[in-house]
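Colleague: Please read through the structure below; I'll follow up with questions.
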Amino acid sequence: MILKNVKAVITGAGSGLGEGTARYLKERGAELLLIDLNADGLKNVADEIGAKYFVGDVSNEEEMKKAITDFNGINCLVNCAGIAIGAKVVSSRGMHDLALFEKVLRVNLIGSFNMLRLCADKMQSNEPDHEGEKGVIINTASVAAFDGQIGQAAYSASKGGIAGMTLPIARELASNGIRVNTIAPGLFATAMLSGMSEEVQQSLIATTIFPKRLGTPLEYAMLVESILTNVMLNGETIRLDGSVRLAPR
Ligand SMILES: NC(=O)c1ccc[n+]([C@@H]2O[C@H](COP(=O)([O-])OP(=O)(O)OC[C@H]3O[C@@H](n4cnc5c(N)ncnc54)[C@H](O)[C@@H]3O)[C@@H](O)[C@H]2O)c1
């Protein structure tokens with residue numbers, strides 16, 4: 001897919017990796033619909049780059065149907081909306097709250113699935129390009145899908161679910177000319193990480209192999225570009241992580 005022909009829905013676009021991807025694709029001529037729950041962040045980004053936007057919850061069926069109703073010809077979805085929590089299964093503070101576990105799965109896993117089914121449904125009616133391609137879906141998992149830390153039961157389960165559904169959905173949507181890939185970022189400099197103490201951030205950076213720093217939204221966006229433009233990439237979950245392997249704690 002050529003970037004200037006991209007008509008993309010980007011979720012979580014009010015901040016971090018989604019925002020970085022929105023800026024990157026817009027600069028290269030893509031037409032965008034940005035979605036986020038955080039109205040202020042989303043509006044700032046959308047107004048600055050000149051993109052359409054919709055404030056809503058990716059896991060809400062009706063809201064997201066409404067969000068994309070008038071955005072016809074979607075040929076790209078980048079699922080970046082997500083939340084991270086830390087909670088042990090059992091601790092001196094009691095058991096892991098079940099509603100919290102459910103919420104993380106609802107936003108990260110069900111939210112991603114909700115968006116991809118709604119966008120895939122629209123992508124099917126696109127005219128195929130010379131490769132027979134009608135659309136590309138990019139999800140965001142995490143290296144925590146594979147080496148989650150203590151306290152990441154819910155987050156890892158949600159991201160493992162995204163990695164797990166990538167191949168079966170890519171297999172199914174192949175007949176519709178739609179590719180599906182997932183990016184599994186390591187440690188990236190966004191609001192999600194800057195919420196952690198400097199000490200925790202430094203200990204996480206120390207576990208990366210090379211380069212010894214946090215990744216940037218630009219580096220995430222560059223992988224989005226590669227996935228969009230390289231038609232051979234399909235059904236894959238790609239770690240983007242400077243070889244980090246998260247320690248147990
Ligand atoms: N930053 C990292 O180190 C890192 C590592 C691995 C994976 N990830 C994943 O990358 C994705 C982007 O994270 P980020 O680092 O940019 O974090 P971020 O907090 O900067 O951005 C996430 C955005 O998602 C939005 N969001 C949350 N719940 C939503 C919902 N229900 N509906 C719509 N929008 C919602 C937030 O408002 C926020 O703007 C997430 O899925 C995250 O799990 C991030």
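Colleague: Filter the range 208-249 down to the residues that are among the hydrophobic types (A, V, I, L, M, F, W, C) and within 18 Å of the chain's Cα centre (by Cα) and list them by number.
Modeller: To start, the set of residues in the range 208-249 that are among the hydrophobic types (A, V, I, L, M, F, W, C) comprises 209-210, 214, 218, 221-224, 227-228, 231-233, 238, 240, 244, 246-247.
Leu214, Leu218, Ala221, Met222, Leu223, Val224, Ile227, Leu228, Leu233, Ile238, Leu240, listed by residue number.
Colleague: If I go through the range 25-54 residue by residue, how many of them are among the basic types (Lys, Arg), closer than 25 Å to Gly135 by Cα and assigned to a helix (DSSP H, G or I)? Working first, answer last.
Modeller: Applying the first criterion (among the basic types (Lys, Arg)) to the range 25-54 yields 26, 28, 43, 52.
Filter once more, keeping what is closer than 25 Å to Gly135 by Cα: 26, 28, 52.
Within this subset, residues satisfying the condition of being assigned to a helix (DSSP H, G or I) are 26.
Here the count works out to 1.
Colleague: Looking only at helices (runs of 4 or more DSSP H) that fall completely inside the range 78-151, which ones have 2 or more residues that are free of Cβ contacts under 8 Å to residues at least 40 places away in the same chain?
Modeller: Once the helices (runs of 4 or more DSSP H) in the range 78-151 are filtered for at least 2 residues that are free of Cβ contacts under 8 Å to residues at least 40 places away in the same chain, what remains is 98-104, 111-123.
Colleague: Continuing with this model, one more query. Being assigned to a helix (DSSP H, G or I) and more than 15 Å from the ligand (Cβ to nearest atom) is the filter; apply it to the range 3-24 and report the residue that is farthest from Leu116 (Cα to Cα).
Modeller: The first filter runs over the range 3-24 and keeps only residues assigned to a helix (DSSP H, G or I), leaving 3-5, 16-24.
Among the residues that remain, those that are also more than 15 Å from the ligand (Cβ to nearest atom) are: 3-5.
Working: Leu3: 20, Lys4: 22, Asn5: 19 Å.
In this case the residue turns out to be Lys4.
Colleague: Specify which of the listed residues (Glu133, Glu63, Glu127) is away from the ligand (no atom under 16 Å from the Cβ), crowded, with 16+ Cβ neighbours inside 10 Å and charged (D, E, K, R).
Modeller: Only one candidate qualifies: Glu133.
Colleague: I've got another one for you. Looking at Gly164, is it on the phi > 0 side of the Ramachandran plot, surrounded by fewer than 19 Cβ atoms within 10 Å (Cβ to Cβ), of a type outside the set (A, V, I, L, M) and modelled with pLDDT of 95 or more?
Modeller: So Gly164 fails the test.
Colleague: When both residues are 6+ apart or on different chains and their Cβ atoms are under 6 Å apart, which pairs have a first residue that lies in the range 24-46 and is of a type in the set (D, E, K, R), and a second that is part of a helix (DSSP H, G or I) and surrounded by fewer than 20 Cβ atoms within 10 Å (Cβ to Cβ)?
Modeller: From residues that are of a type in the set (D, E, K, R), the pairs are Lys26/Ile49; Arg28/Leu3.
Colleague: If you check Ala170, Ala189, which single one turns out to be within 20 Å of Gly82 (Cβ to Cβ) and of a type in the set (A, V, I, L, M)?
Modeller: Within the list Ala170, Ala189, the selection yields Ala189.
The values are calculated or read from the model by the stated rules, or taken from the named source; none is laboratory data. All figures in this text were calculated on a predicted structure; none of them were measured in a lab. Using ideal geometry, Cβ is built from the backbone for each residue, glycine included, and neighbour counts are taken over all protein chains shown.
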